[in-house]
Amino acid sequence: FAVTVAFRGFRSDASRLVAELDWVSRNKPGQERSGVVRRILSGVDKTAVGAKLAEAGWYQTSVKSFVMSRFIAAGVGAAAGGLVSIVFKQPAFFFLGITVLGVVGLVIPSFIIDSAIKKRKQAIAKRIPDLLDMVSTTVEAGTALNSALATATQSFDGPLAEEIAIVL
């Protein structure tokens, strides 16, 4: 008995089940086997990036894919910097070109999402008076608020209609 417990370990059924569930949750199909992506994402504030993606209306884009696109853009920028210095035969600017264009590539996706956020907020601000007018008119006519919002969502298009549809 002592040898069996020493080699096999004494664990209850509950602790074995918890260990099995923990193993399954860590090794889901479709997850990356390498820890590189996980280590990169651990240094990123996922909540802030997710909030920016939601503000931009990019609901189909995951935090992981956005962060990885930034690193891919940085790699492409660095490769372009190296290629430019080789084409113009300026070896002194090789590391400078790699560094500068790599940083530019890393920053460009952030500028793109900030631009998308700005455009989306402007489009929403532009349509709010019309939406409020339609909702107040339909509510005064005796329609419930949910129905008035649904009617307004069907009448409008654009980011404001998308957001109201999500709320509904």
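Rounded to the nearest 0.05, what FRET efficiency is calculated for residue 166 and residue 111 with R0 set to 22 Å and r the Cβ-Cβ distance?
Values: r = 26 Å, r/R0 = 1.18.
FRET efficiency, residue 166 to residue 111: 0.25.
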Accessible-area value, residue 166, 1.4 Å probe, nucleic acids and ligands omitted, Å²: 100
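Quick check for you: with a 1.4 Å probe and neighbouring chains kept, what is the accessible area per residue of the range 76-168, in Å²? Don't jump to the answer; show the numbers that get you there.
On the way: 6150 Å² over 93 residues.
Result: 66 Å² of accessible area for each residue.
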Which parts of the range 100-144 would a label at residue 84 reach, counting a residue when its backbone N lies under 19 Å from a point 7 Å out along Cα-to-Cβ? 100-112
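How do 104, 87 stack up against each other in accessible area, from largest to smallest, with a 1.4 angstrom probe? Mind dumping the intermediate values first?
Working: 104 65, 87 95 Å².
Result, largest first: 87, 104.
State the three equivalent ellipsoid semi-axes of the range 65-168, derived from the C-alpha gyration tensor as the square roots of 5 times its eigenvalues, in descending order and whole Å.
Numbers: eigenvalues 517, 25, 12 Å².
One finds semi-axes of 51, 11, 8 Å for the range 65-168.
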In what order, largest first, do 143, 153, 99, 47 sit by accessible area if the probe radius is 1.4 Å? 47, 99, 143, 153
Let me cross-check residue 132: its accessible surface, 1.4 Å probe, with only protein heavy atoms counted, in Å² to the nearest 10? 100
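The values are calculated or read from the model by the stated rules, or taken from the named source; none is laboratory data. Only a predicted model underlies this, so the values are computations on that prediction, with no experimental measurement involved. Glycine gets a Cβ as well: all are built from the backbone with ideal geometry, and neighbour counts include every protein chain shown. The accessibility values were calculated without ligands, DNA or RNA, using every heavy atom of the protein model including side chains. Shrake-Rupley method; radii C 1.70, N 1.55, O 1.52, S 1.80 Å.
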